[in-house]
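Please read the structure below before turning to the comments.
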Amino acid sequence: MNGLSSVFNLLAYLAAAVFVLGFLSKVVLYFKTPSPLKIPVTPAPTTSIGVVLRLIPEILFFRSLLKGGTTEKILWLGGWVFHVSFLLIVLRHLRFFTYPVPDFVMSIQQIGIWAGLVFPIALLILIVRRFTNERLAIITLFADYFVLVLITAIGATGLMLKYITRTNLVDVKAFILGLVTFSPTQMPDSTMFLIHFSLILVLLVYFPFSKLMHAWGVLISPTRVQVDNPREIRHVNPWA
Amino acid sequence: MADFEVPELTGEIIIPKVSPGASRHIQQFKAKPELMEELKFSAEKGSDWKEKFLLAMEDILKKYKSVRVFLDICVRCGSCADKCHYFIATGDPRNMPVYRQELMRSVYRKYFTPAGKLIGGLASAKELDDDLLDEWFTYFYQCSECRRCSVFCPYGIDTAEITMAAREIMARIGVASKYNYEIVNKAMTLGNNLGMIPVALESTWEFVEEEIEEKLEEVGITGVGVKLPVDVEGADVLLVTPSADFFAEPHIYSLEGYAKVFHQAGISWTLSTHASEGGNFGMFIGNYDHMRTINKRIWDAARDLKVKKVVAGECGHAWRAMYSFSNTLNGPFDFLKEKSPQHICELTLDLIKKGALKLDKSANDEFTVTFHDSCNVARATTIGGTPGDQFTIPREIINACCNKYVEMDPETCGEKTFCCGGGGGVLTDEVIEIRVKGAMPRMQMYSKIKESHGANFFALICAICKAQFTKVFPYYGYEMAEVGGVHQLISNALVMGAKEEV
């Protein structure tokens, strides 16, 4: 294993550790922070099952966005396609992480390729709306562009690897499997892969300290996950 | 009549162009040091205000999951940006919920996140200074905590939570709104927002009894003897209404309505001189202890008077404080025999359905009624037991006592309703400009239904909505008499006297 490979194996473990520990520490922090009062936004479900039924369309279809006007419809389109294709791309990449590759992962290879192609289009929508809409231009921060550009770059380098600067997939698979089985090995000899891989590490490290934590937040937001039954069951405030 | 431009009524709600600073000049008066001291806050902003401010913020971040999570997870998607009535009316970007929150989020980044501490401006972190504090004071008092933004947010981020936290943080360094904190003080010391002492309350209620009697006499009905019982031990029901119901118009007509409903249904009930306020401004200022102390009077009175249940009068935030928060603040209510609190609309509709009330719809024939969903009832509570009952129950009552009911644009009703523009502690005259403007989206919809269907009665179940709309209707060229309560309509239609045999 050459020096560069050693460094990248190490960085990969560091990034994974930061991601996992950072994410978990946020999860614990949110879990530990109490909700003193009942604050569901109503009409809200009166049972826990109702809450699950409320969350499913929020998570799968971004239901609340659909309540808005044209701006939100465009956002919905860009956002939904972005998230779904991101998911498909990640699932498709599981072929690098598994041996033998599960049938399920095999079965989504083609759709994963299509997802990779619409991915940049969705991102383009998400980027362009931020400077063409007057209201969005004001609220958008550097961090918002940063993460959009970062993910676009990840997608673009991925496409390059597939269609232009093709890499030896056997090497890639050996490298990734080496990482996940804790037996580090040589990195593929490809600058494009190196860039693609580095950007992913940046994303992993950035994730827990950024707005990307909305991925967890959507599951625990008190206004959406609380049951509306304050008269039936006394909600206790732990600090009062 | 106004030194600002009153929006023109076109029947349409148009999202304006952004106009930075458009409502920056509208600011509430500040509370005096003596008042802040009395309420156990810092008397005034001292030289160490930044440390105190950050300590307060840290405390709130530890105590409120909502604040902590909301500050972290907003992706600035902009879904909320054009949903606030104050933004629609002013175009001031600080009235876009996400950008209002940015006032707190930028400070949060600076002092509570690694990125903000390390790279500051690049992480959009902002240092605390006097200008930023002044912006906080302006714009966190231009939020009516109506939760409309939350409905459209993919994560349910509720600006009301941020606003309440911001007001509490500012109060702890002695920077607060005179109007809100004076009311809190009155409620804490005298038991109601108006600062009425028991003797004054009793004479007011006597006056209402006389009014009811006189009005009935005018239509030839005598000797009904509708009473407003006071501090009656052993009554079944304790009625707690916003104190505005005791003197303000049109509020007082709904009070007459409640009294007549109880009388006709034969329910023993009482008002309390101790619990003479349903409203709870402790909620608006985000102060848990004051909210609890104000709320406690209700349950103390219920216990002392040995009632079976507590019923709430027409008021939005009062209902939120009673329905959503009471049980946590001062529960459990095992000393009561029936589910409490109950909303007066639940009780009245139940009686109507049972046939206990005889209603003459024609008594309201001069009115074409429309109903405005109040924000706190719509988005922070329910009436009845099933989600959405808070929308159907008041409408069912109106339809039971009126022949002509029309609905405003459904896109602005139910959970999507607009705030009146005066809720959440904004109902004070020095900010009349933001109040008049903030009412604009709802006024547009009312003017539209007026044009198309001749609506001439704007029915409400909230004391703040009533006070706000009676004040702003004239600015838009409408009569304040068009504003009224749902129980005012009941009062008009309720046939008094001996019940017919069934």
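Within 10 Å, count the other beta carbons around each residue, average over each peptide in A:223-229, A:54-60, and list them highest first. Don't jump to the answer; show the numbers that get you there.
Values: A:223-229: 22.3, A:54-60: 14.7.
Result, highest mean Cβ count within 10 Å first: A:223-229, A:54-60.
Spatial offset of segment B:425-439 relative to segment B:200-259 amounts to 30 Å, using the alpha carbon center of each.
Annotation: cysteines of the protein assembly as shown without a disulfide-compatible partner (Cβ-Cβ under 4.7 angstrom) are B:Cys74, B:Cys77, B:Cys84, B:Cys143, B:Cys153, B:Cys315, B:Cys345, B:Cys401, B:Cys402, B:Cys413.
Sort A:138-147, B:376-385, B:287-296 by the packing proxy (mean of other Cβ within 10 Å over each peptide's residues), most packed first. Don't skip to the answer; put the middle values down first.
Values: A:138-147: 17.3, B:376-385: 26.0, B:287-296: 20.7.
Going by the mean number of other Cβ atoms within 10 Å, highest first, we get B:376-385, B:287-296, A:138-147.
Taking only protein heavy atoms and a 1.4 Å probe, the accessible area of segment A:108-240 is 74% carbon and sulfur. For segment B:33-186, the per residue solvent-accessible surface stands at 29 Å², with DNA, RNA and ligands left out and a 1.4 Å probe.
The alpha-carbon positions of chain B define a convex hull whose volume is 143 Å³ per residue. Once A and B are treated as a pair rather than alone, how much accessible area drops out, both sides summed, in Å² to 100, probe 1.4 Å? The A and B chains share an interface burying roughly 5400 Å².
For segment B:382-502, the alpha-carbon coordinates run over 55, 32, 31 Å along the three principal axes, in decreasing order. In summary, the lysines within cross-link reach of B:Lys471, defined as a Cα separation below 17 angstrom excluding same-chain residues under 8 places away, comprise B:Lys437.
Return the average number of partner chain Cβ atoms within 10 angstrom of each residue Cβ along peptide A:212-225. Could you put the intermediate results ahead of the total?
Details: counts 3, 4, 9, 1, 3, 10, 4, 1, 4, 12, 9, 15, 7, 1.
Average neighbour count from other chains, rounded to a whole number: 6.
Across segment A:68-139, how large is the tail of the calculated P(r) beyond 14 Å, expressed as a percent of all Cα pairs? Percentage above 14 Å: 64. Charges were assigned to the Cβ only: +1 to each Lys and Arg, -1 to each Asp and Glu. The resulting dipole of the protein assembly as shown about its Cα centre is roughly 3500 debye.
Expressed in Å, the radius of gyration and Dmax of the Cα atoms of the protein assembly as shown are 28.8, 104.
Return the average number of partner chain Cβ atoms within 10 angstrom of each residue Cβ along peptide B:57-67.
On the way: counts 0, 0, 0, 0, 2, 5, 8, 8, 12, 9, 2.
For peptide B:57-67, the averaged partner shielding equals 4.
Note on segment B:33-186: Cα Rg divided by 2.2 N^0.38 Å, N the number of residues, gives 1.03. Here's the list of lysines a cross-link from B:Lys40 could span, going by alpha-carbon distance under 22 Å and ignoring same-chain residues fewer than 8 apart: B:Lys30, B:Lys32, B:Lys50, B:Lys52, B:Lys62, B:Lys63, B:Lys178, B:Lys186, B:Lys296.
Leaving ligands, DNA and RNA out of it, report the carbon-plus-sulfur percent of the accessible area of segment B:260-328 at a 1.4 Å probe. Could you put the intermediate results ahead of the total?
Numbers: 680 of 1450 Å².
Its accessible area is 47 percent carbon and sulfur atoms.
Compute the signed sum of charges (Lys and Arg +1, Asp and Glu -1) over the other residues within less than 10 Å, Cβ to Cβ, of B:Asn456.
-1
From the largest down, chain A spans 65, 41, 38 angstrom on the principal axes of its Cα atoms.
Could you work out, for segment B:323-383, what percent of all Cα-Cα pairs fall into each 5 Å distance bin, beginning at 0 Å and stopping at the bin that holds the largest distance? Calculated P(r), rounded to whole percents: 4, 12, 14, 19, 19, 14, 9, 5, 4, 0.
Its Kirkwood hydrodynamic radius, worked out from the mean inverse distance over all distinct Cα pairs, puts segment B:238-288 at 12.2 Å. Listed by chain and number, the lysines whose C-alpha is less than 17 Å from the C-alpha of B:Lys404, apart from same-chain residues fewer than 8 away, are B:Lys361, B:Lys448, B:Lys450.
Across peptide A:229-237, how many C-beta atoms of other chains are within 10 Å of each residue C-beta, on average? Present the calculation step by step, with values, prior to reporting the outcome.
Working: counts 3, 11, 13, 3, 2, 7, 6, 4, 6.
Mean number of neighbouring Cβ atoms from other chains: 6.
The values are calculated or read from the model by the stated rules, or taken from the named source; none is laboratory data. None of these values were measured; they are calculated from a predicted model. No Cβ is skipped: glycine too gets one built from the backbone with ideal geometry, and neighbour counts run over all protein chains shown. Please note that ligands, DNA and RNA were not included when accessible areas were found on the heavy atoms of the full protein model with its side chains. Shrake-Rupley method; radii C 1.70, N 1.55, O 1.52, S 1.80 Å.
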